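One structure is given here, and the rest of the page talks about it.
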Amino acid sequence: MAIRKFRLLKRAPLGVPAALAAMLVAGAAAAANGDAVGTVTGQPVPRYASLKHDKVSLREGPSKEHRTAWIFQRAGLPVEITAEFDTWRRVRDSEGSEGWVQQVQLSNLRTSLVAPGKKADALMLYAKPDTGSDVVARIQPGVIGIVKMCNAGWCRILDKDKRFDGYIQQPSLWGVYPNEKI
């Protein structure tokens, strides 16, 4: 299942205030040092979150005056927060699209996409974190799963509607960092 988002073709307001531009450059420099934290929340940047609603506007800058570049139409979609400014978060999706969303549109619920962008066959979801255990489901690329835990290269994911619950190898997911423990 593809990520549903729509490109809007409206004119953007001209210019970004110099102070905001300087803050964004400073934030990018801090992120390059590895131990970056958000200037608003103090939480790590980058970090993953998910979309709360079926309709979330991705804007070119951190205000409602900035042009809407995309509209995400998939609640639960994982996004990576890469910067913070006031009540806005700069996010990136699994396809690399970046922009700003209001923080109230984001949830701390950890979700992941199974093999996004791949035209692969279904991936196996196992009863235990072991390829020798029983297969409990076959998951298509693009499916969103709630991440319950990750450890030793495996993640336990489940569906909000309880259609599946099991373990998948961590590299098959977008929405968790390599070797991240949850």
Q.
Criterion first (assigned by TED's automatic domain parsing to the domain that holds ASP165 and among the polar types (S, T, N, Q)) does GLN103 satisfy it?
A. no
(Q) Out of ALA18, ALA2, ALA32, I need the residue that is over 30 Å from LYS118 (Cα atoms) and at pLDDT below 95. Which one? (A) ALA18
**Q.** Those residues of the stretch 140-182 which are of a type in the set (Val, Ile, Thr) and under 16 Å from LYS128 (Cα atoms), in sequence order
**A.** VAL147, ILE157, ILE168
Q: Give VAL79, VAL56, VAL91 a once-over and let me know the one that is farther than 23 Å from TYR177 by Cα, surrounded by 21 or more Cβ atoms within 10 Å (Cβ to Cβ) and β-branched (Val, Ile, Thr).
A: VAL56
**Q.** strands (runs of 3 or more DSSP E) wholly inside the stretch 122-182 that include at least 3 residues being farther than 23 Å from LYS52 by Cα
**A.** 123-126, 135-139, 165-169
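The values are calculated or read from the model by the stated rules, or taken from the named source; none is laboratory data. This one's a predicted model, so the numbers in the text were calculated from it and none came from an experiment. As a convention, Cβ positions derive from the backbone with ideal geometry for all residues, glycine included, and neighbour counts pool all protein chains shown.
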